[in-house]
Amino acid sequence: MTNAINTDSSGANEAQIPPDWLAEFEAASKRPLETRFRYSFIHTYKPVLDDEPYRSFDTMEDYRRWCEENLPDWLG
């Protein structure tokens with residue numbers, strides 16, 4: 001097993017995988033699938049969106065206006 005990645009077909013440009021990344025990958029690959037799934041989904045709190053169980057709007061225009069007025073820019 002090699003820890004280099006060829007970036008082109010000639011193999012001229014190789015990027016070394018950092019040893020700690022490689023060790024993490026190898027350790028993860030040995031875990032049971034159920035465990036890998038459990039660790040792969042990370043909940044990120046989304047302000048305003050996560051504060052209510054649901055919202056409904058009469059029109060798409062109402063929804064877009066609400067988003068524009070209430071959501072932080074980084075939520076898109």
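The values are calculated or read from the model by the stated rules, or taken from the named source; none is laboratory data. Note that the structure is predicted; figures quoted are calculated from it, not measured. No Cβ is skipped: glycine too gets one built from the backbone with ideal geometry, and neighbour counts run over all protein chains shown.
Descriptive notes on the structure:
- Enumeration of residues in the range 14-72 that are in contact with a strand residue (DSSP E or B) (Cβ under 9 Å, 6 or more places away or on another chain) and of a type in the set (A, V, I, L, M, F, W, C): Ala15, Ile17
- The residues of the range 37-58 that are hydrophobic (A, V, I, L, M, F, W, C), outside any loop (DSSP other than H, G, I, E, B) and under 15 Å from Asn70 (Cα atoms) amount to a single one, Leu49.
Matching residues to (1) basic (Lys, Arg); (2) surrounded by 11 or more Cβ atoms within 10 Å (Cβ to Cβ); (3) at pLDDT 90 or above:
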{"residue": "Asn13", "(1), (2), (3)": "no, no, no"}
{"residue": "Leu22", "(1), (2), (3)": "no, yes, yes"}
{"residue": "Ala27", "(1), (2), (3)": "no, no, yes"}
{"residue": "Lys30", "(1), (2), (3)": "yes, no, yes"}
{"residue": "Thr44", "(1), (2), (3)": "no, no, no"}
{"residue": "Arg65", "(1), (2), (3)": "yes, yes, yes"}
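- Taking the range 59-76 as the range and being in a loop (DSSP other than H, G, I, E, B) and touching a residue at least 12 places away in the same chain (Cβ under 8 Å) as the test, the residues that pass are Leu71, Pro72.
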